[in-house]
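Notes follow the structure.
The values are calculated or read from the model by the stated rules, or taken from the named source; none is laboratory data. On a predicted model such as this, the values are computed, not experimentally measured, just so you know. When we count neighbours, we look across all protein chains shown, and the Cβ atoms used for this are built from the backbone with ideal geometry, even at glycine.
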Amino acid sequence: MKFDPAHQIQMLRQFGEFGGVNPSVTDSSTYTFLEAKTMIDTFHGDSEGCFLYSRHWNPSNKYLAEAMAAMEGTESGWVTASGMAAITTVLLQLCNSGDHIITSVTTYGGTFAFLKNYLPKFNIDVSFVNITDLEAVRNAIRPNTRVIYTESITNPLLQISDIPKLSEISKDNNITLIADNTFSPMIVSPARLGADVVVYSLTKFVNGKNDCVAGAICGTEDFINSLSDVNSGTAMLLGPVLDPLRSSSILKNLHTLHIRMKQHSSNAMFLAQRFKETGMQFIYPGEPLHPGYELLRSMMNQGFGYGGMIAIDLHTTEKANEVMEKLQHADVGYLAVSLGYFKTLFSNSGKSTSSEVPENVQKEMGLSEGLVRFSVGLDNDIQQTWKKMHTIFKETSII
Ligand code: PLP
């Protein structure tokens with residue numbers, strides 16, 4: 001069924017208590033109760049519409065969480081102080097000591113490090129698989145498997161996760177499927193395709209300004225409520241709360257996300273086509289020769305393109321460094337980690353955002369030491385950008 005995440009956001013009716021077109025910012029950490037009994041009821045979760053304390057819920061955070069849930073088509077949402085907070089909160093809520101997780105080996109380096117180095121402290125076992133190999137996923141299932149974890153479009157290799165098939169496998173085995181949709185907001189709606197929980201780094205495309213760090217969790221009402229349970233909720237007890245001032249600015253940026261995604265995607269597609277014409281080695285899921293191209297087409301919402309992420313293989317770190325410095329010097333963009341910014345950002349993944357992944361694992365998963373990941377910006381004149389890139393690629397003998 002056709003789903004339009006941008007329309008879902010556009011249809012939100014959220015306004016301020018004085019009729020402001022933007023919801024008011026609630027910068028209070030605690031809330032008064034006119035009757036003492038209402039406070040008792042609220043602590044027991046029996047009082048609708050009451051706010052208690054801002055680690056629990058804050059009205060500004062609730063607006064952003066509702067908007068994220070609307071975008072994902074889930075019953076409910078939650079916002080956190082970072083993408084990592086969203087990921088770790090969900091995993092720690094779902095898994096107990098003795099449980100097992102199956103994850104894509106290709107994930108953001110921080111996620112990889114948490115799964116590999118941190119969870120063993122709690123006796124939680126993790127199997128790392130090639131998530132595009134569904135047989136490998138099935139074979140990794142154990143009686144104590146609790147979670148399958150993946151990224152819709154993986155960082156940094158831009159593999160495409162088959163969310164409907166992974167959902168089938170999960171449901172058959174009573175496992176929770178978590179999808180990190182940071183690379184593909186609007187383009188893919190994992191919960192609509194069968195994921196149980198969707199996590200985000202809002203730091204990237206959703207906010208799109210690189211002025212803050214934030215995260216979100218989207219899922220069923222029961223699951224989201226469990227996160228804030230005063231006795232056992234991971235969000236309540238670990239406290240990765242987002243500042244409401246930030247929530248309010250991210251919410252405003254969310255309303256332009258669809259326009260930005262279209263421009264990121266069309267600029268990335270333009271560059272991919274030029275890379276192809278010049279015989280360069282690159283990865284872009286909008287390129288028909290990409291192994292996940294047809295799968296992505298079968299999953300994507302219409303009108304937002306194939307995303308703004310593209311990677312080129314320059315084979316060595318030295319070559320990658322040389323080219324990135326020249327690109328920055330020529331104002332193509334910034335040599336910086338992160339993504340989803342209005343300027344193009346580029347970094348050498350193996351030595352930066354995936355440096356937590358040991359070199360032998362990088363090799364096994366096919367991550368070249370010369371891989372440069374681009375988050376293509378909102379350039380109005382992408383032909384001019386390509387001209388500069390082309391000159392630099394020639395100068396450095398890449399083409
Ligand atoms: N998920 C993905 C796919 C990422 O690329 C990142 C950061 O680069 C994160 C999660 C972590 O997000 P944050 O930096 O907001 O904690």
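Here are the numbers for this structure:
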{"quantity": "Candidate set: region 156-180, residues that are in contact with a Lys or Arg (Cβ under 8 Å, 6 or more places away or on another chain) and part of a loop (DSSP other than H, G, I, E, B); chosen: the one farthest from the ligand (Cβ to nearest atom)", "calculated": "ILE175"}
{"quantity": "One residue from LEU295, LEU242 being at pLDDT 95 or above, over 21 Å from THR203 (Cα atoms) and touching a strand residue (DSSP E or B) at 6+ places or on another chain (Cβ under 8 Å)", "calculated": "LEU295"}
{"quantity": "Subset of region 125-180 [under 12 Å from ALA195 (Cβ atoms) and in contact with a Phe, Trp or Tyr (Cβ under 6 Å, 6 or more places away or on another chain)]", "calculated": "ILE178"}
{"quantity": "Enumeration of residues in region 307-323 that are under 17 Å from the mean Cα position of the chain (by Cα) and farther than 20 Å from GLY366 by Cβ", "calculated": "GLY308"}
{"quantity": "Total residues in region 83-114, condition buried (at least 21 other Cβ atoms within 10 Å of the Cβ), within 20 Å of VAL357 (Cα to Cα) and within 12 Å of the ligand (Cβ to nearest atom)", "calculated": "10"}
{"quantity": "Hits in region 171-194 - residues which are touching a strand residue (DSSP E or B) at 6+ places or on another chain (Cβ under 6 Å) and closer than 26 Å to GLY366 by Cα", "calculated": "LEU177, ILE178, ALA179, ASP180, ASN181, THR182, PHE183, SER184, PRO190"}
{"quantity": "Residue within region 168-181 that is surrounded by fewer than 18 Cβ atoms within 10 Å (Cβ to Cβ) and in contact with a Gly (Cβ under 9 Å, 6 or more places away or on another chain) present", "calculated": "yes"}
{"quantity": "Qualifying residue in region 152-161 (condition: more than 20 Å from GLY340 (Cβ to Cβ) and in the same structural domain as PHE205 (by TED's automatic domain parsing))", "calculated": "no"}
{"quantity": "Enumeration of residues in region 67-82 that are closer than 14 Å to ASP243 by Cα and not β-branched (Val, Ile, Thr)", "calculated": "TRP78, ALA81, SER82"}
{"quantity": "Output for region 201-215, where each listed residue is part of a loop (DSSP other than H, G, I, E, B) and near the ligand (Cβ under 6 Å from one of its atoms)", "calculated": "THR203, VAL213"}
{"quantity": "Pairs with Cβ under 8 Å, 6+ apart, first in region 89-113 and in contact (Cβ under 8 Å) with a residue 40 or more places away in the chain and of a type in the set (D, E, K, R), second assigned to a strand (DSSP E or B) and more than 14 Å from the ligand (Cβ to nearest atom)", "calculated": "ASP99/ASP125; ASP99/THR145; ASP99/ARG146; ASP99/VAL147"}
{"quantity": "Candidates PHE342, PHE304, filtered to the one that is surrounded by fewer than 19 Cβ atoms within 10 Å (Cβ to Cβ), among the aromatic types (Phe, Trp, Tyr) and at pLDDT 95 or above", "calculated": "PHE342"}
{"quantity": "Any hit, region 134-145, residues being within 16 Å of the ligand (Cβ to nearest atom), modelled with pLDDT of 95 or more and of a type outside the set (Val, Ile, Thr)", "calculated": "no"}
{"quantity": "Failed criterion for LYS387 (all others in (1) exposed (fewer than 15 other Cβ atoms within 10 Å of the Cβ); (2) at pLDDT below 95 hold)", "calculated": "(2)"}
{"quantity": "Tally of residues being more than 18 Å from THR317 (Cβ to Cβ), assigned to a loop (DSSP other than H, G, I, E, B), within 23 Å of the chain's Cα centre (by Cα) and not hydrophobic (A, V, I, L, M, F, W, C) across region 354-399", "calculated": "2"}
{"quantity": "Of the criteria (1) aliphatic (A, V, I, L, M); (2) surrounded by 23 or more Cβ atoms within 10 Å (Cβ to Cβ); (3) at pLDDT below 95, which one MET365 fails", "calculated": "(2)"}
{"quantity": "Number of the condition not met by PHE128 [criteria: (1) more than 15 Å from the ligand (Cβ to nearest atom); (2) of a type in the set (Phe, Trp, Tyr); (3) part of a helix (DSSP H, G or I)]", "calculated": "(3)"}
{"quantity": "Residue satisfying condition, being surrounded by fewer than 18 Cβ atoms within 10 Å (Cβ to Cβ), of a type outside the set (Lys, Arg) and more than 21 Å from VAL188 (Cα to Cα), within set GLU294, GLU322", "calculated": "GLU322"}
